[in-house]
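Asks: Before anything else, here's the structure in question.
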Amino acid sequence: MATMAATAEQVMQCDRTIFQRDLNVLPYEITHRLAGHPLFQLDKLVELAQRVAARRNPHMSGGDAYFNEGAIEAGTKPNYNRPEEERAAVVELVRKIESAEAWCILKHIEREDGYREVMEAAVCDALSLAGEKGRQLLKKIKWFEAIVFITSPHRVTEYHIDRECSWIFQIRGNKTINLFDRADKDVVPEPELERFYTVDNHASEYKPQFQDRALVYDMTPGTGVHIPVNTPHWLKNGDDVSITLNVNFQFHDSEIANLYKANYYLRRAGFKPAIPGTHPVADRAKALAFTSALAVKRTFKKGDGIVPPEAHAQKARIAALIAAR
(Lines give C-alpha, C1' and ligand atoms only; values in the text may rest on other atoms or scores of the structure.)
Protein backbone atom coordinates (compact mmCIF):
# COMPACT_ATOMS: atom_id res chain seq x y z
CA MET A 1 0.00 0.00 0.00
CA ALA A 2 1.24 3.49 -0.82
CA THR A 3 2.40 5.63 2.06
CA MET A 4 3.59 9.18 2.44
CA ALA A 5 7.25 9.74 1.67
CA ALA A 6 7.90 10.86 5.24
CA THR A 7 5.73 11.40 8.25
CA ALA A 8 7.36 14.81 8.73
CA GLU A 9 6.05 15.97 5.35
CA GLN A 10 3.63 18.87 5.80
CA VAL A 11 -0.03 18.12 5.08
CA MET A 12 -1.90 21.08 6.60
CA GLN A 13 -1.36 24.80 6.03
CA CYS A 14 -2.89 27.66 8.01
CA ASP A 15 -1.96 31.13 9.23
CA ARG A 16 -0.14 30.44 12.50
CA THR A 17 -1.66 33.42 14.32
CA ILE A 18 -5.22 32.36 13.47
CA PHE A 19 -4.46 28.72 14.24
CA GLN A 20 -3.17 29.50 17.73
CA ARG A 21 -5.73 32.18 18.57
CA ASP A 22 -8.81 30.12 17.65
CA LEU A 23 -7.62 26.56 18.36
CA ASN A 24 -10.48 24.67 20.00
CA VAL A 25 -12.37 27.96 20.40
CA LEU A 26 -13.72 28.99 16.98
CA PRO A 27 -13.82 27.37 13.53
CA TYR A 28 -11.32 28.50 10.90
CA GLU A 29 -10.30 27.47 7.40
CA ILE A 30 -7.23 25.43 6.47
CA THR A 31 -5.68 24.22 3.24
CA HIS A 32 -4.01 20.86 2.68
CA ARG A 33 -2.13 18.63 0.23
CA LEU A 34 -4.32 15.52 0.29
CA ALA A 35 -6.54 16.21 -2.74
CA GLY A 36 -5.96 13.38 -5.21
CA HIS A 37 -4.03 11.27 -2.68
CA PRO A 38 -3.97 7.65 -3.95
CA LEU A 39 -5.17 6.17 -0.64
CA PHE A 40 -8.42 8.13 -0.89
CA GLN A 41 -9.50 6.96 -4.35
CA LEU A 42 -12.75 4.99 -4.33
CA ASP A 43 -11.15 1.64 -5.22
CA LYS A 44 -8.77 1.97 -2.26
CA LEU A 45 -11.63 3.00 0.01
CA VAL A 46 -13.59 -0.13 -0.95
CA GLU A 47 -10.57 -2.16 0.21
CA LEU A 48 -10.33 -0.08 3.37
CA ALA A 49 -14.04 -0.59 4.09
CA GLN A 50 -13.56 -4.35 3.80
CA ARG A 51 -10.78 -4.31 6.38
CA VAL A 52 -12.52 -1.96 8.82
CA ALA A 53 -15.88 -3.80 8.66
CA ALA A 54 -14.14 -7.14 9.25
CA ARG A 55 -12.13 -6.10 12.32
CA ARG A 56 -12.19 -8.68 15.09
CA ASN A 57 -10.97 -6.11 17.64
CA PRO A 58 -12.61 -2.80 16.69
CA HIS A 59 -11.89 0.30 18.74
CA MET A 60 -15.61 0.65 19.53
CA SER A 61 -17.49 -2.35 20.86
CA GLY A 62 -20.16 -1.97 18.17
CA GLY A 63 -17.64 -1.91 15.33
CA ASP A 64 -15.79 0.80 13.40
CA ALA A 65 -17.93 0.96 10.21
CA TYR A 66 -21.26 2.77 10.11
CA PHE A 67 -23.67 3.92 7.42
CA ASN A 68 -27.14 5.18 6.76
CA GLU A 69 -29.22 5.52 3.61
CA GLY A 70 -31.97 7.73 2.24
CA ALA A 71 -32.58 11.47 2.03
CA ILE A 72 -32.53 13.36 5.33
CA GLU A 73 -32.70 16.97 6.51
CA ALA A 74 -30.48 18.92 8.89
CA GLY A 75 -32.71 18.17 11.88
CA THR A 76 -33.01 14.42 11.27
CA LYS A 77 -31.87 12.19 14.12
CA PRO A 78 -29.24 9.70 12.95
CA ASN A 79 -29.98 6.01 12.66
CA TYR A 80 -26.76 4.20 11.83
CA ASN A 81 -26.19 1.75 14.65
CA ARG A 82 -26.82 -1.31 12.51
CA PRO A 83 -26.55 -4.91 13.77
CA GLU A 84 -23.04 -6.30 13.38
CA GLU A 85 -23.99 -8.67 10.57
CA GLU A 86 -25.27 -5.74 8.47
CA ARG A 87 -22.14 -3.61 8.78
CA ALA A 88 -20.44 -5.48 5.96
CA ALA A 89 -23.01 -3.79 3.72
CA VAL A 90 -20.90 -0.64 4.03
CA VAL A 91 -18.51 -2.19 1.49
CA GLU A 92 -21.23 -2.46 -1.14
CA LEU A 93 -22.43 1.06 -0.36
CA VAL A 94 -18.94 2.46 -0.95
CA ARG A 95 -18.82 0.63 -4.29
CA LYS A 96 -22.10 2.21 -5.45
CA ILE A 97 -21.82 5.49 -3.54
CA GLU A 98 -22.56 7.65 -6.61
CA SER A 99 -26.15 6.38 -6.71
CA ALA A 100 -26.68 5.05 -3.19
CA GLU A 101 -27.98 8.23 -1.48
CA ALA A 102 -25.88 7.13 1.47
CA TRP A 103 -23.38 8.28 4.07
CA CYS A 104 -20.59 5.92 5.15
CA ILE A 105 -18.10 6.37 7.95
CA LEU A 106 -14.96 4.33 8.58
CA LYS A 107 -13.48 5.01 12.00
CA HIS A 108 -9.94 4.66 13.31
CA ILE A 109 -8.43 4.18 9.88
CA GLU A 110 -5.07 5.10 11.41
CA ARG A 111 -4.92 1.45 12.41
CA GLU A 112 -4.22 0.67 8.74
CA ASP A 113 -0.84 1.05 7.02
CA GLY A 114 -0.53 4.22 4.97
CA TYR A 115 -3.49 5.92 6.60
CA ARG A 116 -1.58 5.92 9.87
CA GLU A 117 1.21 7.96 8.30
CA VAL A 118 -1.27 10.46 6.83
CA MET A 119 -2.89 10.99 10.20
CA GLU A 120 0.38 11.32 12.06
CA ALA A 121 1.61 13.94 9.59
CA ALA A 122 -1.60 15.95 10.04
CA VAL A 123 -1.44 15.69 13.83
CA CYS A 124 2.19 16.79 13.85
CA ASP A 125 1.25 19.77 11.68
CA ALA A 126 -1.57 20.75 14.05
CA LEU A 127 0.46 20.47 17.24
CA SER A 128 3.46 22.23 15.64
CA LEU A 129 1.31 25.09 14.36
CA ALA A 130 -0.17 25.40 17.85
CA GLY A 131 3.25 26.12 19.35
CA GLU A 132 3.36 26.12 23.14
CA LYS A 133 -0.40 25.53 23.27
CA GLY A 134 0.15 22.32 21.30
CA ARG A 135 2.68 21.04 23.82
CA GLN A 136 0.17 21.67 26.60
CA LEU A 137 -2.64 19.99 24.67
CA LEU A 138 -0.59 16.87 24.03
CA LYS A 139 -0.65 16.12 27.76
CA LYS A 140 -4.47 16.31 27.81
CA ILE A 141 -5.15 14.10 24.79
CA LYS A 142 -6.55 10.61 25.33
CA TRP A 143 -6.20 9.38 21.77
CA PHE A 144 -5.90 10.46 18.16
CA GLU A 145 -8.18 9.27 15.41
CA ALA A 146 -8.58 9.43 11.63
CA ILE A 147 -12.04 8.96 10.10
CA VAL A 148 -13.06 8.93 6.46
CA PHE A 149 -16.54 9.98 5.36
CA ILE A 150 -17.77 8.80 1.94
CA THR A 151 -20.97 10.55 0.90
CA SER A 152 -23.36 10.38 -2.07
CA PRO A 153 -24.11 13.49 -4.15
CA HIS A 154 -26.49 16.01 -2.51
CA ARG A 155 -26.60 14.00 0.71
CA VAL A 156 -27.09 15.91 3.99
CA THR A 157 -25.18 15.03 7.15
CA GLU A 158 -27.46 15.83 10.07
CA TYR A 159 -26.88 18.52 12.71
CA HIS A 160 -24.73 17.24 15.56
CA ILE A 161 -21.94 18.02 18.01
CA ASP A 162 -18.76 16.04 18.62
CA ARG A 163 -16.62 15.34 21.66
CA GLU A 164 -13.49 15.59 19.54
CA CYS A 165 -11.36 18.56 18.53
CA SER A 166 -10.98 18.05 14.79
CA TRP A 167 -9.82 19.20 11.38
CA ILE A 168 -11.66 18.07 8.27
CA PHE A 169 -9.89 17.77 4.93
CA GLN A 170 -12.03 17.84 1.78
CA ILE A 171 -10.36 15.44 -0.67
CA ARG A 172 -12.97 14.90 -3.40
CA GLY A 173 -16.18 16.76 -4.24
CA ASN A 174 -17.65 19.99 -2.92
CA LYS A 175 -19.40 20.22 0.43
CA THR A 176 -20.98 23.05 2.43
CA ILE A 177 -20.56 23.02 6.19
CA ASN A 178 -22.72 25.09 8.55
CA LEU A 179 -21.07 25.73 11.92
CA PHE A 180 -22.56 27.45 14.97
CA ASP A 181 -20.87 29.22 17.87
CA ARG A 182 -20.75 26.82 20.81
CA ALA A 183 -20.84 29.84 23.17
CA ASP A 184 -24.30 30.82 21.86
CA LYS A 185 -26.59 29.40 24.54
CA ASP A 186 -29.68 29.90 22.38
CA VAL A 187 -28.15 27.39 19.99
CA VAL A 188 -26.40 25.16 22.55
CA PRO A 189 -28.15 25.23 25.95
CA GLU A 190 -26.14 23.79 28.83
CA PRO A 191 -28.71 21.07 29.71
CA GLU A 192 -28.48 19.85 26.11
CA LEU A 193 -24.69 19.47 26.37
CA GLU A 194 -25.02 17.73 29.72
CA ARG A 195 -27.45 15.18 28.28
CA PHE A 196 -25.12 14.66 25.31
CA TYR A 197 -22.18 13.75 27.54
CA THR A 198 -24.19 11.67 30.00
CA VAL A 199 -27.24 9.88 28.60
CA ASP A 200 -27.86 10.67 24.91
CA ASN A 201 -25.27 10.92 22.13
CA HIS A 202 -27.99 12.50 19.97
CA ALA A 203 -29.17 15.12 22.46
CA SER A 204 -28.26 18.09 20.26
CA GLU A 205 -31.33 19.68 18.63
CA TYR A 206 -31.28 21.61 15.35
CA LYS A 207 -33.02 24.97 15.77
CA PRO A 208 -33.89 26.29 12.30
CA GLN A 209 -34.81 29.71 13.72
CA PHE A 210 -31.07 30.24 14.36
CA GLN A 211 -29.82 29.02 10.98
CA ASP A 212 -28.90 32.60 10.02
CA ARG A 213 -26.31 32.56 12.81
CA ALA A 214 -24.33 29.80 11.09
CA LEU A 215 -20.82 30.31 9.80
CA VAL A 216 -20.90 28.71 6.35
CA TYR A 217 -17.87 27.39 4.47
CA ASP A 218 -17.94 26.00 0.93
CA MET A 219 -15.25 23.32 0.96
CA THR A 220 -13.50 22.14 -2.19
CA PRO A 221 -10.67 19.61 -2.64
CA GLY A 222 -7.58 20.99 -0.93
CA THR A 223 -9.52 22.99 1.67
CA GLY A 224 -10.90 22.19 5.09
CA VAL A 225 -12.13 23.51 8.42
CA HIS A 226 -11.23 23.27 12.09
CA ILE A 227 -14.13 22.17 14.33
CA PRO A 228 -13.66 22.81 18.08
CA VAL A 229 -15.17 20.49 20.68
CA ASN A 230 -18.96 20.99 21.14
CA THR A 231 -19.33 23.09 17.97
CA PRO A 232 -22.71 22.25 16.35
CA HIS A 233 -22.61 21.69 12.61
CA TRP A 234 -24.40 20.12 9.66
CA LEU A 235 -23.26 19.54 6.08
CA LYS A 236 -24.66 19.27 2.58
CA ASN A 237 -22.84 17.53 -0.24
CA GLY A 238 -22.56 18.95 -3.77
CA ASP A 239 -23.05 17.31 -7.16
CA ASP A 240 -20.24 14.74 -6.84
CA VAL A 241 -19.28 11.99 -4.44
CA SER A 242 -17.63 13.53 -1.40
CA ILE A 243 -14.57 12.07 0.30
CA THR A 244 -13.62 13.81 3.53
CA LEU A 245 -10.93 12.97 6.06
CA ASN A 246 -11.44 13.91 9.70
CA VAL A 247 -8.32 14.02 11.89
CA ASN A 248 -9.16 14.54 15.52
CA PHE A 249 -8.11 14.06 19.08
CA GLN A 250 -10.22 13.36 22.12
CA PHE A 251 -9.33 14.77 25.50
CA HIS A 252 -9.18 12.71 28.66
CA ASP A 253 -12.63 12.65 30.24
CA SER A 254 -11.36 14.67 33.20
CA GLU A 255 -10.77 17.66 30.90
CA ILE A 256 -14.29 18.21 29.53
CA ALA A 257 -16.67 15.24 29.56
CA ASN A 258 -16.75 14.58 33.28
CA LEU A 259 -17.43 18.23 34.05
CA TYR A 260 -20.62 18.10 31.98
CA LYS A 261 -21.53 14.77 33.53
CA ALA A 262 -21.11 16.21 37.02
CA ASN A 263 -23.28 19.19 36.09
CA TYR A 264 -25.96 16.87 34.72
CA TYR A 265 -26.32 15.07 38.04
CA LEU A 266 -26.11 18.29 40.04
CA ARG A 267 -28.92 19.76 37.93
CA ARG A 268 -31.04 16.63 38.46
CA ALA A 269 -30.50 17.05 42.21
CA GLY A 270 -31.96 20.54 42.07
CA PHE A 271 -28.77 22.59 41.89
CA LYS A 272 -27.92 25.19 39.26
CA PRO A 273 -24.31 24.36 38.32
CA ALA A 274 -22.11 27.06 36.83
CA ILE A 275 -21.39 26.95 33.09
CA PRO A 276 -18.00 25.27 32.47
CA GLY A 277 -15.29 27.90 32.22
CA THR A 278 -16.96 30.33 34.64
CA HIS A 279 -14.95 29.15 37.65
CA PRO A 280 -11.88 27.22 36.39
CA VAL A 281 -10.64 26.15 39.83
CA ALA A 282 -14.05 24.79 40.82
CA ASP A 283 -14.33 23.17 37.39
CA ARG A 284 -11.13 21.23 37.93
CA ALA A 285 -12.19 20.05 41.40
CA LYS A 286 -15.63 19.00 40.16
CA ALA A 287 -14.28 17.16 37.12
CA LEU A 288 -11.56 15.37 39.09
CA ALA A 289 -14.04 14.25 41.76
CA PHE A 290 -16.33 12.78 39.10
CA THR A 291 -13.34 11.21 37.30
CA SER A 292 -12.31 9.47 40.53
CA ALA A 293 -15.82 8.11 41.02
CA LEU A 294 -15.89 6.77 37.44
CA ALA A 295 -12.46 5.17 37.87
CA VAL A 296 -13.83 3.10 40.74
CA LYS A 297 -16.87 2.13 38.67
CA ARG A 298 -14.69 1.05 35.73
CA THR A 299 -12.76 -1.40 37.89
CA PHE A 300 -16.01 -3.40 37.97
CA LYS A 301 -17.41 -2.64 34.51
CA LYS A 302 -15.32 -2.27 31.37
CA GLY A 303 -16.55 -0.62 28.19
CA ASP A 304 -15.98 1.99 25.50
CA GLY A 305 -13.80 4.90 26.55
CA ILE A 306 -10.90 2.79 27.85
CA VAL A 307 -7.69 3.79 26.10
CA PRO A 308 -6.36 0.78 24.11
CA PRO A 309 -2.62 -0.06 24.19
CA GLU A 310 -2.12 0.95 20.55
CA ALA A 311 -3.40 4.45 21.38
CA HIS A 312 -0.72 4.84 24.06
CA ALA A 313 1.94 3.69 21.61
CA GLN A 314 0.70 6.07 18.93
CA LYS A 315 0.72 9.05 21.26
CA ALA A 316 4.31 8.28 22.23
CA ARG A 317 5.27 7.99 18.55
CA ILE A 318 3.63 11.34 17.73
CA ALA A 319 5.41 13.03 20.64
CA ALA A 320 8.71 11.70 19.30
CA LEU A 321 7.93 12.89 15.76
CA ILE A 322 7.10 16.38 16.99
CA ALA A 323 10.29 16.51 19.05
CA ALA A 324 12.29 15.54 15.95
CA ARG A 325 10.86 18.36 13.80
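Asks: With the crude spin-label approximation of a point 7 Å out along Cα→Cβ, what separation in nm comes out for Ala320 versus Lys77?
Replies: In this crude label model, Ala320 to Lys77 measures out at 4.7 nm.
Asks: Would you mind checking which residues have amide H under 5 Å from Asn68's amide H? H placed 1.01 Å from N; only 5 or more apart, or other chain.
Replies: Amide H neighbours of Asn68, under 5 Å, 5+ apart: Trp103.
Asks: Using a Gaussian network model of the chain whose springs link C-alpha atoms within less than 10 Å, name the residue from Ile168, Ile30, Ile227 with the highest mean-square fluctuation.
Replies: Of Ile168, Ile30, Ile227, the Gaussian network model singles out Ile30 as fluctuating most.
Asks: May I pose another question? Counting only heavy atoms of protein chains, what accessible area per residue, in Å², does the range 96-148 have with a probe of 1.4 Å? Please list the in-between numbers first.
Replies: Values: 1670 Å² over 53 residues.
Averaged over the residues of the range 96-148, the accessible area is 31 Å².
Asks: Whenever you get a sec, compute what percent of the accessible area on the range 134-220 sits on carbon and sulfur atoms (1.4 Å probe).
Replies: 48 percent
Asks: Once Lys and Arg get +1 and Asp and Glu get -1 on their Cβ, which of Val216, Ile256, Ala183 lies farthest toward the positive end of the dipole of the range 156-294?
Replies: With unit charges placed on the Cβ atoms, the residue in question is Ile256.
Asks: A follow-up question, please. Send over a whole-number figure in Å² for the accessible area per residue of the range 24-67, probe 1.4 Å.
Replies: Values: 2030 Å² over 44 residues.
I get 46 Å² per residue for this part.
Asks: Excluding Ile72 itself, calculate the net charge of residues whose Cβ lies under 13 Å from the Cβ of Ile72, where each Lys or Arg counts +1 and each Asp or Glu counts -1.
Replies: On the way: positive: Lys77, Arg155, Lys236; negative: Glu69, Glu73, Glu101, Glu158.
For residues surrounding Ile72, the net value is -1.
Asks: Further question on the same structure: At 1.4 Å probe size, with every protein chain present, just tell me what the per residue accessible area of the range 177-325 comes to in Å². Don't skip to the answer; put the middle values down first.
Replies: Working: 7460 Å² over 149 residues.
Counting only protein heavy atoms, the per-residue value for the range 177-325 is 50 Å².
Asks: Which FRET efficiency value, to the nearest 0.05, is calculated for Lys140 and Asp200 with the Förster distance at 25 angstrom and r the Cβ-Cβ distance? Intermediate values should be presented prior to the final figure.
Replies: Numbers: r = 25 Å, r/R0 = 1.00.
According to the calculation, E is roughly 0.50.
Asks: Ignoring everything except DSSP H segments at least 4 long, calculate the 222 nm mean residue ellipticity for the chain; use -39,500 (n - 2.57) per segment, divide by total residues, nearest 500. Don't jump to the answer; show the numbers that get you there.
Replies: Values: 10 runs with 110 residues, N = 325.
Computed ellipticity for the chain at 222 nm equals -10000 deg cm²/dmol.
Asks: Computing the accessible area with a 1.4 Å probe over protein heavy atoms, can you report the carbon and sulfur percentage for the range 19-123? Mind dumping the intermediate values first?
Replies: Details: 2090 of 4800 Å².
For the range 19-123, the apolar C and S fraction of the accessible surface comes to 43 percent.
The values are calculated or read from the model by the stated rules, or taken from the named source; none is laboratory data. Remember, predicted model here, so these are calculated numbers, not experimental data. Reconstructed Cβ throughout: ideal geometry from the backbone, glycine too, with neighbour counts over all protein chains shown. Accessible surface areas use protein heavy atoms only, side chains included; no ligands, DNA or RNA. Shrake-Rupley method; radii C 1.70, N 1.55, O 1.52, S 1.80 Å.
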